[in-house]
1. Measuring from label point to label point, each 7 Å out along Cα→Cβ, what is the Ser24 to Arg127 span in nm?
2. Protein chains only, probe 1.4 Å: how do Thr98, Thr36 rank by accessible area, largest first?
3. Calculate for the chain the 222 nm mean residue ellipticity that helices alone would give, adding -39,500 (n - 2.57) per DSSP H run of length 4 or more and normalising by residue count, nearest 500 deg cm²/dmol.
4. Based on the alpha-carbon gyration tensor of the stretch 12-100, what equivalent-ellipsoid semi-axes (square roots of 5 times the eigenvalues) come out, in whole Å, largest first?
5. When the expected Rg is taken as 2.2 N^0.38 Å, what fraction or multiple of it is the alpha-carbon Rg of the stretch 40-84?
6. Give the long-range amide H neighbours of Ala110: residues separated by 5 or more places, or on another chain, with amide H under 5 Å away, using H modelled in the peptide plane at 1.01 Å from N.
7. What share of the DSSP beta bridges in the chain is antiparallel, in percent to the nearest 5?
8. Quickly work out the Leu101-to-Leu69 label distance, labels modelled 7 Å from Cα along the C-beta direction, and quote it in nm with one decimal.
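The values are calculated or read from the model by the stated rules, or taken from the named source; none is laboratory data. Computed from a predicted model, the values in this text were never measured in an experiment. Methodologically, a virtual Cβ is constructed for each residue, glycine included, from the backbone with ideal geometry; neighbour enumeration extends over all protein chains shown. These area figures cover heavy atoms from the full protein model, side chains too; ligands, DNA and RNA do not enter into them. Shrake-Rupley method; radii C 1.70, N 1.55, O 1.52, S 1.80 Å.
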Amino acid sequence: MDGPAFEYEDLEALFIVTSLRRPSGAEFGAHVRAMTARHQRPGRFAMVMDVAKAPPPTPQHRRVQDRWLAEHHVLIANKCFGVAFIFSSPAARFVLSTMLLLRPLPCPYAVCDSRAQALGRAEAWLRAAGIVPAWSRDRSLSSRPP
């Protein structure tokens, strides 16, 4: 395995998670702990989940993720202004949109096709909450490749 499975960027009230490759079981466990820790910190935030380069999760990872979402439903609802998912494939965007219709997140969400679109959604959620993040003036964030 080359490099980390996940990359995290913590920018004021924005948390960006980039999935770079399929994680091992231990790496996925560390990712779940990182997500829990971010949600438990003071302050609310918007999240961008960039999975454009990642293969679909394994069935085991999906079960862990579903259990985590169920266990942390109230925490997510209280802490997260919204989650913008980035998928490069139209088919993957359709599958995720369908899954979220059947089991919605406890916060707003958007299924996006680019980093710029996802950052725009996150910025809109933050501005609606009265937060004008300094990073929103730094357009280099949106010009990074997904």
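1. Placing both labels 7 Å beyond Cα along the Cβ direction yields 4.4 nm.
2. In descending accessible area the options line up as Thr98, Thr36.
3. Calculated mean residue ellipticity at 222 nm is -14000 deg cm²/dmol.
4. 21, 16, 13
5. 1.31
6. Under 5 Å from the amide H of Ala110 lie the amide H atoms of Val83, Ala84, Phe85, each far enough along the sequence or on another chain.
7. Close to 30 percent.
8. 1.5 nm
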